[in-house]
Amino acid sequence: MTPVSTRRMEKAVHVSDPAHLRHLESGCDRAYFGNEFCQRLNVSPAEIETVLDFVEGRGLPFTFVTGYVTDDGLKGLEPLIAVVNGRLPGAEIVINDWGVLRLVNEKYRELTPILGRLLHKMKKG
C-alpha cells in the first residue's frame, strides 16, 4: 500500500503593487511581494511596510522577491531587506543576484534565502 500524503498544496499570490493586496483575500496561504526582474521597479520602504502590515494582520507567511541588481540597486534594496528582517525575521527572500545573497548571508541571516529563477539553472519555457 502506498502511503498517502496529508500535506496539501500551498496557494500563494504574488503582488508587486500594494494596490493589489485585495487579491490576497481569496484564501491564499502565502504572500509573495516584490519585483523579480527589474531593479527600477523596486518598491519603497512605505510600500513594503503597507504589505507587511497586511500580511501580519492576517497571519500570512511572507516571501520578499528581489531581482537582479547593480551595485547602486543593491544599496537601494538593502533598506527594504532591513525592514523585512526587522518585522518578520524568518521570512523568505527570493534571491536573483549573487550580491543580494552575500548581503543576506552577512547581515540578515534571520531571513530564509530562496534561489530565484534568474540564478536557478532550471530549463525555462
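Taking N as the number of residues in the stretch 16-96, what is its alpha-carbon radius of gyration divided by 2.2 N^0.38 Å?
Computed over Cα atoms of the stretch 16-96, the ratio equals 1.03.
Need the C-alpha centroid separation for the stretch 61-78 versus the stretch 81-95, integer Å.
11 Å
Grab the Cα-Cα distance for residue 22 and residue 105, subtract it from 0.36 nm times how many residues apart they are, and report the gain in nm with one decimal.
Full extension of this stretch gives 26.6 nm more.
At a probe size of 1.4 Å, how large is the accessible area of residue 106, to the nearest 10 Å²?
My reading of the accessible area for residue 106 is about 130 Å².
Between residue 53 and residue 9, how high is the FRET efficiency from 1/(1 + (r/R0)^6) when r is the Cβ-Cβ distance and R₀ = 25 Å? Nearest 0.05.
E(calc), rounded to 0.05, equals 0.40.
The values are calculated or read from the model by the stated rules, or taken from the named source; none is laboratory data. In this text, all values refer to a predicted model and were calculated from it rather than measured experimentally. Every residue, glycine among them, receives a Cβ derived from its backbone with ideal geometry; neighbour counts consider all protein chains shown. The area values use the complete protein model at the heavy-atom level, side chains included, leaving out ligands, DNA and RNA. Shrake-Rupley method; radii C 1.70, N 1.55, O 1.52, S 1.80 Å.
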